[in-house]
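Okay, structure first, notes after.
Each reported figure results from applying straightforward, stated rules to the coordinates on display, with no laboratory input. It should be emphasised that the depicted structure is a prediction, and the values quoted were computed from it without experimental measurement. For neighbour counting, all protein chains shown are included, and Cβ atoms are generated from backbone atoms with ideal geometry for every residue, glycine included.
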Amino acid sequence: MSSLGMREMAAALRVLVRGDLNRFLGQGVSETQRFEAALQDLLRVEHALALNSGTSALICALVGAGIGPGDEVLVPAYTWVSTAAAPLAVGAIPVLVDVDESLAIDPADVRRKITPRTKAIIPVHMRNLVADMDSLMAIAREKNLIVIEDASQAAGVEYRGRRVGTIGHAGALSFNQHKNIQSGEGGALLTNDTRIFARAGMYHDVGSYSREGRAGTDEPLFVGLNFRMPELLAAILIPQLRRLDKQLAKRQARRKVIVEELSRKPALRTSPHNDPPNAVGITVLFDTAAAAARFAETTGINHLIDTGRHIYTNWQSVLEQRSFHPRMNPYSWSNGSVGPAKDDCPTTVDILARTCSISVDPEVPIPVLRRLVRRAAARM
Ligand SMILES: Cc1ncc(COP(=O)(O)O)c(C=O)c1O
């Protein structure tokens, strides 16, 4: 989580004094436009669309790419439930795919789950741990699939020299309270595809009928929802974005300390990572669930099987295939897709039961972190 300070307070105050709280109703360049430009610059991506949440960003990306009823979207079985809810929101069916020991979607299982109805893959970069994007993009090219990166938990993190969220056809970021930069709620869509950007832009602004010049394509106007980012959020995100790389470097420094401590005990093995030189997050993989549980008895260490709605087996509404109205339920027109079931991904459950994560929060002093890891290691 990013902590807020004087710069965020001053930025919020400036917006309040000016009194323009909506990006489209003030004079001159809005805070939201400035934030989008800063995102484009830092992440090296052609288009950024600021939104009110990461869930909205996923939905806008799917709408932008033309995903809808009759389509299947491959999602990992370990992610926040929004990754599966977003396809349902546009009328598509989420299909669960196992993660591998890196905790990201397993490219081999992606191949197994592709059907003639598959239109997109949503790899998720959980806990600042990157997915195997090279393998996934190769599969997408071969099978003509759209890739929407869910980088909600990994804003700014790099995979082989590129920022996550900018590698696939579109990417989603979240700025909720737990994320690398935060505004309580908030999100952004990233893309280098002008058509995806134009369609997402229309959708997030109830069809943008009053926003001449925003669309940038000859896409006819269609109806959307209101997913707009308020000015106050954009204002407090800008200074955090400026500090993001420094913050990620602090996380990397903490990761190095943990790796060093773990290497003292052969029983403690860091999980495989898809880009070790750029790694930011860290998890520890055990041979048994009991060993992982023992390690996680130390405060500050999470046993991943205990992380609630990040695991598909706890997505009650998705597994029970219930939507807000029977005739708006994608499962009722699913064209042969069966939808997620509780026993779809036993490998994921097994891996999560054997994995612990250690927080690399930049606010935690390195000596404190070192002591914490030593204490946990002493149990093993
Ligand atoms: C992996 C992932 N995807 C999507 C989301 C949804 O983001 P938001 O809470 O901003 O809607 C989250 C938020 O926790 C997340 O962690």
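Take the chain, connect every pair of alpha-carbon atoms lying under 10 Å apart with a spring to form a Gaussian network, then pick out the residue of Asn226, Asn52, Asn180 with the largest mean-square fluctuation.
Asn226
Run down the lysines and flag those whose C-alpha is under 23 Å from the C-alpha of Lys256, throwing out any fewer than 8 positions away in its chain.
In chain and number order, the partners are Lys179, Lys246, Lys265.
Under the rule a/c < 1.5 gives rounded, and otherwise a/b versus b/c splits prolate from oblate, where does segment 113-265 land using the Cα gyration tensor?
Numbers: a/c = 2.73, a/b = 1.35, b/c = 2.02.
Oblate, since a/c reaches 1.5 and b/c is not below a/b.
Just to be sure I understand: of the beta bridges DSSP finds with both ends in segment 6-240, what percent are antiparallel, rounded to 5?
The antiparallel proportion sits near 50 percent.
Place a point 7 Å from Cα of Ser332 in the direction of its Cβ. Which residues in segment 88-104 have their backbone N less than 18 Å from it?
88-94
Quickly work out the Thr307-to-Arg375 label distance, labels modelled 7 Å from Cα along the C-beta direction, and quote it in nm with one decimal.
2.2
For the chain, what relative contact order do you get, as a whole percent, if you take Cα pairs closer than 8 Å and at least 6 residues apart?
Values: 804 pairs, mean separation 79.2, N = 380.
After rounding, I find 21 percent.
Quote the FRET efficiency, to the nearest 0.05, computed for Val368 versus Gln27 with a Förster distance R0 of 35 Å and r equal to the Cβ-Cβ distance.
Working: r = 48 Å, r/R0 = 1.37.
Once rounded, the FRET efficiency stands at 0.15.
How much length, in nm to one decimal, is gained on full extension between Ala253 and Asp20, taken as 0.36 nm per residue of separation minus their Cα-Cα distance?
Values: separation 233, 0.36 × 233 = 83.88 nm, distance 4.01 nm.
Extending this stretch completely gives an extra 79.9 nm.
Looking at the square roots a ≥ b ≥ c of the eigenvalues of the Cα gyration tensor of the chain, which shape do they give, rounded for a/c under 1.5, prolate if a/b is larger than b/c, or oblate?
oblate
Given the rule -39500 (n - 2.57) for each run of at least 4 DSSP H residues, summed and divided by the residues of the chain, what is its mean residue ellipticity at 222 nm, to the nearest 500 deg cm²/dmol?
Numbers: 12 runs with 137 residues, N = 380.
When only DSSP H runs of four or more count, the value is -11000 deg cm²/dmol.
Given the Cα-Cα distance of Arg294 and Met9 and 0.36 nm per residue of separation, how much length would full extension add, in nm?
Working: separation 285, 0.36 × 285 = 102.60 nm, distance 4.21 nm.
The span from Arg294 to Met9 would gain 98.4 nm if fully extended.
What full-extension length gain, to one decimal in nm, is calculated for Asn314 and Arg264 as 0.36 nm per residue of separation minus the Cα-Cα distance? Walk me through the numbers on the way to the answer.
Numbers: separation 50, 0.36 × 50 = 18.00 nm, distance 3.59 nm.
Length gained between Asn314 and Arg264: 14.4 nm.
Once you sort the root eigenvalues of the Cα gyration tensor of segment 1-158 as a ≥ b ≥ c, which label holds: rounded (a/c under 1.5), prolate (a/b larger than b/c) or oblate (the other case)?
Numbers: a/c = 2.49, a/b = 1.91, b/c = 1.31.
Verdict is prolate for segment 1-158.
From the phi of every residue in segment 243-254, what ³J(HN,Hα) in whole Hz does the Karplus formula 6.51 cos²θ - 1.76 cosθ + 1.60 yield, where θ is phi - 60° and glycine or proline is x?
8, 4, 5, 5, 5, 5, 5, 5, 4, 5, 5, 5
Counting only residues 5 or more places away or on other chains, whose amide H sits under 5 Å from the amide H of Thr118 once H atoms are built in the peptide plane?
Glu72
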